[in-house]
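The values are calculated or read from the model by the stated rules, or taken from the named source; none is laboratory data. This one's a predicted model, so the numbers in the text were calculated from it and none came from an experiment. Heads up, the Cβs are rebuilt from the backbone with ideal geometry, glycines too, and the neighbour counts pull from every protein chain shown.
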2 protein chains.
Amino acid sequence: MRVAIIASPFISVPPKRYGGTELFIAQLAEGLSRMGVDVVVYANGASTVSAELRWLYENDDWPIDCEMYNSLKDLNHTSWAVNDCVQSADIVHLNNASGLVFSRLRGPRWVYTIHHPHMAQLSEFYSIFSHVEYVSISDFQRQKESLKHVRTIHHGLDLSQYRLQNRKSDYLSFVGRIAPVKGVHNAIEIAKRSGIPLKFAGEIQPLFRDYFQSCIKPHIDGTFIEYLGEADLALKNELLGNSMAMLFPIEWDEPFGLVMVEAMATGTPVVAFTGGSVAEVVREGTSGIVCQGVEDATARIDEVRGMKPAAVRAYAQQCFSMERMVRDYLLLYQEIYDELTISDESTVGKRAAA
Amino acid sequence: MRVAIIASPFISVPPKRYGGTELFIAQLAEGLSRMGVDVVVYANGASTVSAELRWLYENDDWPIDCEMYNSLKDLNHTSWAVNDCVQSADIVHLNNASGLVFSRLRGPRWVYTIHHPHMAQLSEFYSIFSHVEYVSISDFQRQKESLKHVRTIHHGLDLSQYRLQNRKSDYLSFVGRIAPVKGVHNAIEIAKRSGIPLKFAGEIQPLFRDYFQSCIKPHIDGTFIEYLGEADLALKNELLGNSMAMLFPIEWDEPFGLVMVEAMATGTPVVAFTGGSVAEVVREGTSGIVCQGVEDATARIDEVRGMKPAAVRAYAQQCFSMERMVRDYLLLYQEIYDELTISDESTVGKRAAA
């Protein structure tokens with residue numbers, strides 16, 4: 001069985017810093033390769049994924065500056081990739097909505113992982129391509145989709161890349177995009193109210209520069225509130241691993257939240273706000289707590305002190321390992337590969353006018 | 001020879017009101033049909049074009065409200081259209097940049113009319129698809145592109161739909177989008193300085209509502225400066241035909257400017273500002289004047305009074321008739337249809353990584 005996984009051309013696989021989807025693709029491709037599956041990844045030329053790599057655009061191109069051009073670039077990359085693999089691949093695994101239009105080409109089976117937060121208009125678009133096998137990354141997300149074929153496969157990580165840190169220091173951590181929905185301002189507020197210092201890292205996206213300037217930067221003093229720039233794997237191990245708790249004080253319905261798994265992998269419990277996937281990823285009382293807001297989190301912050309780092313990591317190992325994720329995807333690929341009948345496109349055909 | 005012309009799904013072909021590209025497609029398809037060419041138009045179901053029509057989306061959807069969803073809708077429509085015609089059409093004529101990615105499919109020859117104003121990043125995108133035959137709609141535009149295959153074919157109109165009006169009334173007219181680049185504010189200024197009333201019509205796009213409110217609306221008094229809403233064909237015949245001159249006081253490089261031909265078709269001369277295609281469309285001294293700005297236009301406005309309506313229309317007939325445009329496109333189609341070798345895609349292939 002040959003599997004083609006199509007990433008975007010903008011961020012390398014795995015990402016050097018920001019890029020949840022690219023991290024997912026790297027882990028999936030490497031895990032499949034280790035299990036002897038013939039995998040090809042279509043990404044940019046700066047990628048270092050341990051699987052066959054094909055690319056049209058050589059370098060990273062992030063953040064996006066010209067939306068129109070970049071959507072054409074993405075489309076060109078995807079069109080080229082699909083044309084390259086449509087004859088040879090048994091499974092084509094897509095990760096961006098525009099790529100779905102190429103699933104009209106017959107030959108392989110099509111899989112699509114829904115990375116994007118739910119939007120009614122996107123769901124309507126997905127439903128056009130009813131022959132595609134959809135994967136939601138949380139049950140929260142699955143329940144919002146009324147697709148014919150959809151199942152949840154939680155993300156997983158190669159936990160060998162994260163060190164269990166048994167000794168925690170008395171500070172809170174935050175890793176994520178510096179964006180309102182990620183709640184960096186809530187993290188600062190929790191730190192101030194609880195009197196526990198905060199160290200945080202993450203990409204300041206151009207769109208949210210004002211937010212950073214007006215809501216975040218004034219609080220940074222380099223001692224009590226400390227900003228460490230963008231985080232690579234080494235920094236995440238350090239920052240998350242030594243921290244008594246990672247804050248995940250979101251203000252949106254998180255589709256998955258891979259960074260919660262990263263924290264747990266270092267044995268650090270997560271103090272999260274409820275929303276989206278959170279209740280599926282954090283096991284209340286074992287690997288963290290799920291709170292209702294700043295006040296609730298501040299009041300309950302000491303609960304995490306009793307959680308054993310080894311138990312936190314064990315939970316991550318059990319539920320969110322790369323191996324588990326890879327097995328789940330392999331099962332899905334195998335199921336549709338074994339189906340003798342090619343999904344028909346009758347729904348699409350019927351919508352054509354007479 | 002079977003020709004498939006792909007329009008967008010947003011505006012019907014021909015358009016009920018706004019839509020230069022859709023008007024072009026309607027005229028081209030109808031003209032080709034009359035010459036016995038087998039034509040299919042992919043547009044929305046509200047289209048009334050006199051040629052075979054196929055559609056996926058039934059209704060008009062304009063103006064665009066959700067950019068992301070609409071670009072997916074456009075892509076879906078185009079992908080469906082290409083899949084529907086790729087086996088049966090000899091020529092596929094595209095009109096939007098994202099559609100170019102489907103030209104990787106072999107079989108037909110591909111033609112692309114460049115409707116969009118020049119942008120370096122778009123040109124870079126076009127150059128990827130070097131097997132496509134490009135048509136620029138003015139020489140001004142052609143000179144900006146360094147494509148392998150590109151030729152200019154000026155737009156043309158079915159002049160039988162425009163009445164020659166020999167008696168002009170003493171007012172100026174303007175028809176076009178109510179947008180800064182179209183210079184409605186300049187039209188108002190010229191009217192005020194020359195003491196000649198202005199009647200204007202055109203779509204207020206959501207993006208430019210502020211411009212309308214602050215720069216245009218305060219001047220509208222219903223007598224000296226009069227706004228007539230959006231213009232359909234009947235209103236254009238009336239408004240343009242009776243006017244002593246149509247103003248075209250642009251502040252950008254107009255790609256073509258079909259409304260100049262519409263004015264000339266009614267025998268009304270055009271007072272245009274220089275930029276883009278203007279010098280190619282207006283024949284100085286015969287069908288209008290090309291000015292350097294508000295002051296110049298005001299000073300020279302009386303020059304148009306000497307221009308004979310019949311001569312203005314005769315010039316439009318000679319240079320911008322539907323028949324001439326259709327013949328030019330047919331010649332292009334025939335040329336590439338007769339080529340025995342299919343354009344190879346070696347440039348695209350070489351960009352793939354080893």
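Overview of values
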read-out: Tally of residues being in a loop (DSSP other than H, G, I, E, B) and farther than 20 Å from A:Gln334 by Cα across segment A:106-128; value: 5
read-out: Qualifying residue in segment A:38-45 (condition: surrounded by fewer than 18 Cβ atoms within 10 Å (Cβ to Cβ) and either at pLDDT below 95 or within 16 Å of A:Val92 (Cα to Cα) (or both)); value: yes
read-out: Answer residue from segment B:54-90, given it is among the hydrophobic types (A, V, I, L, M, F, W, C), touching a residue at least 24 places away in the same chain (Cβ under 8 Å) and more than 11 Å from B:Ala4 (Cβ to Cβ) and is farthest from the other protein chains (Cβ to nearest Cβ) among those; value: B:Trp62
read-out: Among (1) within 19 Å of the chain's Cα centre (by Cα); (2) surrounded by fewer than 18 Cβ atoms within 10 Å (Cβ to Cβ); (3) of a type in the set (Ser, Thr, Tyr), the one test that B:Thr223 misses; value: (1)
read-out: Residue in segment A:133-151 that is within 13 Å of chain B (Cβ to nearest Cβ), within 21 Å of the chain's Cα centre (by Cα), in a loop (DSSP other than H, G, I, E, B) and farther than 19 Å from B:Phe125 by Cα present; value: no
read-out: Residues of segment A:91-120 classified as among the aliphatic types (A, V, I, L, M) and facing another protein chain (nearest Cβ under 10 Å), total; value: 6
read-out: Scan of segment B:81-99 for residues that are in a helix (DSSP H, G or I) and out of contact with any helix residue (DSSP H, G or I) (no Cβ under 7 Å at 6 or more places or on another chain), ordered by number; value: B:Ala81, B:Asp84, B:Cys85
read-out: Matching residues in segment B:96-107 - criterion: being surrounded by fewer than 21 Cβ atoms within 10 Å (Cβ to Cβ) and in contact (Cβ under 8 Å) with a residue 40 or more places away in the chain; value: B:Asn96, B:Arg104, B:Arg106
read-out: The one condition in (1) crowded, with 23+ Cβ neighbours inside 10 Å; (2) touching a residue at least 40 places away in the same chain (Cβ under 8 Å) that A:Pro255 fails to fulfil; value: (1)
read-out: Members of segment A:193-210 found to be without any contact (Cβ under 8 Å) to a residue 24 or more places away in the chain and either crowded, with 21+ Cβ neighbours inside 10 Å or under 21 Å from A:Val304 (Cβ atoms) (or both), listed by number; value: A:Gly195
read-out: Segment B:108-129 residues that are within 11 Å of B:Lys144 (Cα to Cα), paired with ones that are surrounded by fewer than 17 Cβ atoms within 10 Å (Cβ to Cβ) and acidic (Asp, Glu) (beta carbon under 9 Å, 6 or more apart); value: B:His118/B:Glu145; B:Ser123/B:Glu145
read-out: Residue check for B:Gln213: surrounded by fewer than 18 Cβ atoms within 10 Å (Cβ to Cβ), not in a strand (DSSP E or B) and not aliphatic (A, V, I, L, M); value: yes
read-out: Qualifying residue in segment B:315-333 (condition: loosely packed, with under 14 Cβ neighbours inside 10 Å, at pLDDT 95 or above and farther than 25 Å from B:Lys144 by Cβ); value: yes
read-out: Some residue of segment B:34-44 being outside any loop (DSSP other than H, G, I, E, B), more than 14 Å from chain A (Cβ to nearest Cβ) and out of contact with any Leu (no Cβ under 9 Å at 6 or more places or on another chain); value: yes
read-out: Condition check for A:Ser123: within 12 Å of another protein chain (Cβ to nearest Cβ) and closer than 23 Å to A:Gly276 by Cβ; value: yes
read-out: Among the candidates A:Val294, A:Val270, residue that is surrounded by fewer than 23 Cβ atoms within 10 Å (Cβ to Cβ) and within 20 Å of A:Pro197 (Cβ to Cβ); value: A:Val294
read-out: Residue ranges of helices (runs of 4 or more DSSP H) in segment B:276-324 with at least 1 members over 28 Å from B:His185 (Cβ atoms); value: B:309-319
read-out: Evaluation of A:Ala4 against (1) touching a residue at least 40 places away in the same chain (Cβ under 8 Å); (2) under 21 Å from B:Leu72 (Cα atoms); (3) surrounded by 22 or more Cβ atoms within 10 Å (Cβ to Cβ) (one fails), failing number; value: (2)
read-out: Residue count, segment B:190-214 (criterion: under 24 Å from the mean Cα position of the chain (by Cα) and basic (Lys, Arg)); value: 2
read-out: Output for segment A:61-79, where each listed residue is acidic (Asp, Glu) and under 9 Å from A:Pro9 (Cβ atoms); value: A:Asp61, A:Asp74
read-out: Matching residues, segment B:110-122, being at pLDDT below 95 and touching an Asp or Glu at 6+ places or on another chain (Cβ under 9 Å); value: B:Pro117, B:His118
